[in-house]
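Written out below as structure tokens is the structure these notes cover.
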Amino acid sequence: MFSTFLSNLADIRLIPYNVSIMKRYSPKEFEPKWQKKWQDEESFKAIDFDDRQKFVMLTEFPYPSGDGLHMGHVREYTLGDIIARYKRHQGMNVLYPMGYDAFGLPTENYAIKNKIAPQVATATNVGNFQKQFQSLGFSMDWSRSVNTTDPSYYRWTQWLFLQFFKEGLAYQKEVSINWCPFCKTGLANEEVVNGRHERCENLVEKKFLKQWLLKITKYADRLIEGLGDVDYPSRVADQQINWIGKSVGAEVIFKTENSNEDLKVFTTRPDTLFGATFLVIAPEHPLVQDLITQDHKSSVDSYLKSVQSKSDLERQDDNREKTGVFTGAYAINPVNGEKVPVWIADYVLMGYGTGAIMAVPAHDMRDWEFAKKFDLPIKRVVKNDASDDDCTADEGIMINSGKFDSLKSDEAREKIVSELKDLGLGEEKINYRLRDWIFSRQHYWGEPIPIIHCEKHGAVAVPEDQLPVTLPEVEHYEPTDTGESPLSKIDEWVNTTCPMCGKPAKRETDTMPNWAGSSWYYLRYYDAHNDKEFAAKDKLAYWADVDLYLGGMEHTTMHLLYSRFWHQFFYDKGLVPTKEPYKARRGQGIILATDGTKMSKSKGNVVNPMEIIEQGYGADSVRLTIAFLAPYDQTTPWSPESVTGMYRFLNRVWNITNEFMESSKNDSENDSTEVLRITHQTIKKVTHDLDNMSFNTAISAIMEMVNELYKLKVNSSMKSESWGFAIRTLLKLLSPFAPHIANELSSQLKSEDDSWPNYDEKYLTSEVMEIVIQVNGKVRAKLSLPVDSSEEIVIDAALKNERIVELIDQKTIHKKIYIKGKLVSLVVG
RNA sequence: GGGGAUGUGGUGGAAUUGGUAGACACGCUAGCCUUAGGAGCUAGUGAGGCAACUCGUGAAGGUUCAAGUCCUUUCAUCCCCACCA
């Protein structure tokens, strides 16, 4: 008590009386200086073919909206920057590129509304983004910057599209597409959320249009297999696998009575074929008209009409009742020759499998509901734990299945399929949930699809030497109501000649979706200015593939899957040297508003990172706050107070460094092993944490170091080798996170070396160890002993401890456990 | 219905192999200092208790000398997909 009082007095005396003689930490005064220097000197230029180990740090490039950077951007690019700077300090040739994914509807809508060309609006926004990136101190190689709307870029997007076209992987088809009546454009399945267009939230309609599609389904298996070769978080890999939705089953042919055409169905449970008591086909099924009998025609027609009038949203409603209608037709179950009725119902989807199913009500919940509602027969063919009156999808032992009785489900599956094969009435079949990628958009602001339509030759590729097909300048960007792109109204652009026969022909007027440019942009960073190829082979060989790709979880089934598909195709064509584009993928979590909800303009809870910098906290505080907030992949609310805390911490770093610089002028020589211990310990911890992307704990380790140093400086002079090492190391460890203050103070210290520090084990060991003593599992005492104490000595000391002696009293010790250097556990009773 | 994740103080979050739960920070309390700043310093801060001590990681069981961590059951929240046969 008394001694504590004294040491408090000592503390107070040794704290510099007048802190004001030192320059205050004021990031505004030096951050812009460093940013300008980095810009002017192109400090972060990645060098082609350099001998150092290469490291490609990729972050998803932004859509340059008029609103500037938001917190999500700042998190992503700050984390990328921390890694890029760290790897550079470790001596690697780091490529940390940035570009702009600038085609898209917001700019087009902005252009329509304000009568400003999208090219102009884009240029303005890009300039704004560039400035904001700079003000955050990001270490990007700007010499390789790309912009998807630049003709010198989309020339290669078009060229790559033509490779798909030549291979038959880009094709046109009349398809029922998701149509957004507000944006007046077609959408990919992935862009429809709850029956609404994910961008504008308007209800999506169905429209039948001739569209360009990319045959991503051809790569379904490869896209699954490829996941085995890369380091993706399991939730990303699982989500992609789930999205591709591979199911193994069989296609079974049912002969029909009324039609010459057979009905094909897909099932994953051919073992339940004997339980198929009826068939159901989708309302859009091509055989509908063929099958209906005269006396059912009117009821079928009215059902089809009612289905048509339903919106997608209604059809997907959770509480929907099963609806349907009997066609009057019958089909023959191939395994037992039974006549089963054919129904039409909208719970069967035309887009999956064959658009027809065999209904096994006893073993499929949907069929069960339908059978109950329309009083159709239910036949149990699998015996398992479930009650006979229930529907069960579980496997078991076959019953009511003729010669397959008493087989297990999986055996029956095999045998029945092989029998069907022999009969020529079925075979194994694999189906995917994944559909081909609808690649047409009916908009101005996108890459024109480089195709010319000729009456004689059909769709013809624009010759390579005529690329790019540039967007014409137009007066109006408004989409048309007919479902045609606004480009279709520009006759002088549309009318051209056929490259094959020279006769008059018309240009394709659809443009590509904005996923096109982003499907290959990382490749362009390897050779951003090449006007002969999309990237030179030797540069691809040097840089590919991306070592770490950081981005949003929301892109898992869109951009990330699309670009893997493109890359795999390019690999097959010998255009790229690696099978997969990205060696490792990580997804950062979302930063929510302080109230735990998503930040949104309409709620007015958006935090603007630029404002925080301008308020005087500076870029370093913002960067630290983001990295410290939570594990990088965790969704977490923003905390404005946290910025103050980081600013305070940087202030402490600033002050202790300045104190060190002051004291080194006149203090006496004095060394401290404690200073070295905390320094080496922190190097070890921060290095380990950075390798594991545990940014928040790395920062807390640096904070602990600073706190320790503050305590240590009270009793030891700062003028010593150890202190110099400690302060310089502190700045090095801090520099990936807060590069401005680290560079500023290092330059004041005239510390030129910027290599990552190494720790030395010998400084980590301390002379004493603290041993915890547990009695019956509870911590009862702590001992300080020399580190080299043997087990005997430790246990002996534990048993002699006053407190322990008291607790053991007369009781017997049943067991003594010693965990080296940590604890002694005594079991008494 | 399918897939994935997460539950720890007032808050954000720590906790290599099971080994001192709550690091680091925010906030709060008390005090000090001052050129009154978005500053700095000291002490305290899971709950209950004067204390010894007891309780405590969504809940309930279990394994173990020892469980936030392993096992079983269960509840809650979030994300993605969804009439996918």
With (1) polar (S, T, N, Q); (2) modelled with pLDDT under 95; (3) out of contact with any helix residue (DSSP H, G or I) (no Cβ under 8 Å at 6 or more places or on another chain) as the list, and A:T687 as the residue in question, which single condition is left unmet? (2)
Name every residue in region A:125-180 that is among the basic types (K, R) and in contact with a helix residue (DSSP H, G or I) (Cβ under 6 Å, 6 or more places away or on another chain), in order of residue number. A:R144
Report, ordered by the first and then the second residue, all pairs with beta carbons closer than 8 Å, sequence separation of six or more or different chains, a first member in region A:209-224 that is more than 18 Å from A:S176 (Cα to Cα), and a second member that is buried (at least 19 other Cβ atoms within 10 Å of the Cβ) and among the β-branched types (V, I, T). A:A220/A:I244; A:L223/A:I216; A:L223/A:I244; A:I224/A:I244
So for region A:670-687 (the condition being more than 11 Å from RNA strand B (Cβ to nearest atom), surrounded by 19 or more Cβ atoms within 10 Å (Cβ to Cβ), of a type outside the set (V, I, T) and assigned to a loop (DSSP other than H, G, I, E, B)), does at least one residue qualify? yes
Could you check region A:209-243 and list, in sequence order, the residues that are assigned to a helix (DSSP H, G or I), basic (K, R) and more than 16 Å from RNA strand B (Cβ to nearest atom)? A:K218, A:R222
Take region A:140-190 and flag every residue that is closer than 30 Å to A:P97 by Cβ and without any contact (Cβ under 8 Å) to a residue 40 or more places away in the chain. A:D150
All but one of (1) more than 16 Å from A:G104 (Cα to Cα); (2) at pLDDT 95 or above hold for A:S176, so report the exception by its number. (2)
Going through A:L263, A:L279, A:L291 one at a time, which residue ends up being buried (at least 22 other Cβ atoms within 10 Å of the Cβ), in contact (Cβ under 8 Å) with a residue 24 or more places away in the chain, more than 15 Å from RNA strand B (Cβ to nearest atom) and of a type outside the set (G, A, S)? A:L291
Can you list residue pairs whose Cβ atoms sit under 9 Å apart, with the first residue in region A:349-376 being more than 16 Å from A:T267 (Cβ to Cβ) and of a type in the set (G, A, S) and the second being in a helix (DSSP H, G or I) and within 8 Å of RNA strand B (Cβ to nearest atom)? Count only pairs 6 or more apart in sequence or on different chains. A:G351/A:N189
If you check A:S700, A:S663, A:S755, which single one turns out to be under 26 Å from A:K37 (Cβ atoms) and among the small types (G, A, S)? A:S755
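From the list A:S518, A:S488, which residue is part of a helix (DSSP H, G or I), in contact with a helix residue (DSSP H, G or I) (Cβ under 8 Å, 6 or more places away or on another chain), among the hydroxyl-bearing types (S, T, Y) and free of Cβ contacts under 8 Å to residues at least 24 places away in the same chain?
From the options A:S518, A:S488, the qualifying one is A:S488.
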I'd like the full set of residues that are outside any helix (DSSP H, G or I) and hydroxyl-bearing (S, T, Y), limited to region A:761-820. A:T765, A:S766, A:S784, A:S789, A:S790, A:T812, A:Y818
Any idea how many residues of region A:779-829 are of a type in the set (S, T, Y), more than 10 Å from RNA strand B (Cβ to nearest atom) and surrounded by 15 or more Cβ atoms within 10 Å (Cβ to Cβ)? 1
Look through region A:716-754, keep the residues that are in contact with a helix residue (DSSP H, G or I) (Cβ under 8 Å, 6 or more places away or on another chain), in a helix (DSSP H, G or I) and among the polar types (S, T, N, Q), and return whichever of them is farthest from A:V686 (Cα to Cα). A:Q748
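For A:I416, are the conditions met, namely being closer than 19 Å to A:I253 by Cα and within 44 Å of the chain's Cα centre (by Cα)? Working first, answer last.
Numbers: closer than 19 Å to A:I253 by Cα: yes; within 44 Å of the chain's Cα centre (by Cα): yes.
Yes.
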Within region A:437-459, can you find the residues that are surrounded by fewer than 18 Cβ atoms within 10 Å (Cβ to Cβ) and touching a residue at least 24 places away in the same chain (Cβ under 8 Å)? A:H453, A:E455, A:K456, A:H457, A:A459
Sort through A:R366, A:R435 and tell me the only one that's within 37 Å of the chain's Cα centre (by Cα) and not in a loop (DSSP other than H, G, I, E, B). A:R366
For region A:619-649, give me each residue that is near RNA strand B (Cβ under 9 Å from one of its atoms), crowded, with 16+ Cβ neighbours inside 10 Å, assigned to a helix (DSSP H, G or I) and not β-branched (V, I, T). A:F628, A:M646, A:Y647, A:F649
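The values are calculated or read from the model by the stated rules, or taken from the named source; none is laboratory data. Since this is a predicted model, take the numbers as computed values, not measurements. Glycine gets a Cβ as well: all are built from the backbone with ideal geometry, and neighbour counts include every protein chain shown.
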